[in-house]
Amino acid sequence: MSSQSSRLRSLDGVRGMASVVVVLYHVSLLARPFATGRISEPAWDIATETPLKLLFAGTEAVQVFFVLSGLVVALPLLRGGASWPGFFAARFVRLYLPVWGALLLASALILLVPRDPSSVSSGEWIANANATSVDPVKLLREATLTPVSYDLVNTLWSLRWELIFTLLLPLAVVLAVLLRRWALPLAALMAVIMVLGRVAGSDAAVYLPAFFIGTLIAVRLEDLQAWASARPRRLQWSVLTAVSALLLVASWISRPVVESSSTAGQALWGLSGVGAAGLIVVAIGGPLARQILEVRPVLWLGRVSFSLYLVHAPILATLAFAFGDEHWWLVGIVGIPLSLLVAAGFFAVVEHPSHGLARRVGRAVQSLVEWVRARVVSRRVRRGPAGSSGELPSAAREPNDG
């Protein structure tokens, strides 16, 4: 591993921490109906309207995933470590195979542990966003990652945006490269679009700019690392960390004075993408952040983070229907370690093998592209002037994906 790539190991730690935050967020959604409007509501307000919200800011953590994805997916292409045909083939394999595995797991859990709607609170996340039966048509639709909402594996809504950005990645990379000198003002423009998108209720304007900010970071990564190396003082990085974290949850900590559904409240939520980008910058350049994010347990979480993201919601939902969501604390006590355990197994059986298959498919597709290119060149040479030597030029080899 090169020194440059090793300095990005902290991003695996970010991914791991964000996945745990999403898990805690879904546990908090189970607890919400039993906190609001009751004697425990002051404790709920303290947990959600202070920086404590960072521990379970699930939707905001997805913004961190989006910025991170825009960075790490673009890097191999920018460094010449992948070619477009091989990249797309490998990317689809790495994306879809774990998704299909998660859908099969969720379907099996629903069939094995019946879900009685009366055992959970109506009108809440557990009832609204989690299926109680397996509909084959819905299963196939969710397997395509094209629906807007999902209830077999609730977290797949974000993978739909991953798929959309993957298809837009060539445009994003070209724009980021051409406009790399103006990366900072362009990132500021993306921040404005995210805020306006949230106010206007446009998910595309909220989420896609986050990916693009990640791509801008990828294009200017070496400059960012040089800038960070010249600023080793921990105080500076502590301030940037605090500001980024507060922006990530600004819409929550402002709720005592700003109505969340108001224009101002929505605009503050739009700043979560800015906070997410700031945290990624901290993870890349902050000395203390790198030390924390690169410890073995956090890196392990990063390794299984995608698997954890895919399997935890069906597990929590199964336990909530089985125990009753009034026992949300028991769901959390059992469900969190069980999700980690299942995620480790899912990674070993499904996700990790999909990585190897993706590399093989990417290389095979690239070899096919090179073969077709060589045949085209060969035909053009044969049709050339009679006085030509007839020697065929070798096809320029493009780097493989992965």
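Model label points for Val134 and Ala264, set 7 angstrom from Cα along the Cα-to-Cβ axis, are 5.1 nm apart. Screening the chain for DSSP H helices whose Cα atoms reach 18 Å or more along their own axis and whose mean Kyte hydropathy is at least 1.0 gives 9-31, 58-78, 84-112, 156-178, 183-200, 203-219, 234-248, 272-285, 305-323, 328-346.
Test of understanding: in a Gaussian network model of the chain with alpha carbons linked when under 10 Å, which of Val365, Val120, Val174 would top the mean-square fluctuation ranking? In the Gaussian network model the winner is Val174.
Evaluate the charge dipole of the chain about its Cα centre and quote only its size in Debye, nearest 20, assuming +1 on the Cβ of each Lys and Arg and -1 on the Cβ of each Asp and Glu. Don't jump to the answer; show the numbers that get you there.
Details: 34 positive and 23 negative charges, 391 e Å.
In total the dipole reaches around 1880 debye.
Applying both filters, DSSP loop and at most 10 other Cβ atoms within 10 Å, to the trypsin sites (Lys or Arg not before Pro) of region 191-280 gives Arg233.
With K and R counted +1 and D and E -1, the other residues having a Cβ less than 15 Å from that of Ala322 yield a net charge of -2. Our helix-only sum for the chain, with -39,500 (n - 2.57) per DSSP H run of n ≥ 4 divided by its residues, gives a mean residue ellipticity at 222 nm of -23500 deg cm²/dmol.
Would you kindly state the longest site-free stretch of the chain, with sites defined as GluC sites (Glu not before Pro) in a DSSP loop (not H, G, I, E, B) surrounded by at most 11 other Cβ atoms within 10 Å?
1-258
Note: relative contact order over the chain, using C-alpha pairs below 8 Å and six or more positions apart, is 31 percent.
Each of Thr146, Thr318 was scored by other Cβ atoms within 10 Å of its Cβ. Arranged with the fewest first, they read Thr146, Thr318. Under 12 Å from the 7 Å Cα→Cβ point of Val376, by amide nitrogen: which residues of region 68-112? Nothing falls inside the zone, counting backbone N under 12 Å.
If you wrap the tightest convex hull around every Cα atom of region 3-382 and split its volume per residue, you get 159 Å³. Across the alpha-carbon atoms of region 182-285, the computed radius of gyration and Dmax are 14.4, 42 angstrom. Counting neighbouring beta carbons within 10 Å and listing from fewest to most, the residues Asp325, Asp45, Asp151, Asp116 come out as Asp116, Asp45, Asp151, Asp325.
Every number here is computed from the coordinates shown, using simple stated rules; none is lab data. Computed from a predicted structure; not experimentally measured. As a convention, Cβ positions derive from the backbone with ideal geometry for all residues, glycine included, and neighbour counts pool all protein chains shown.
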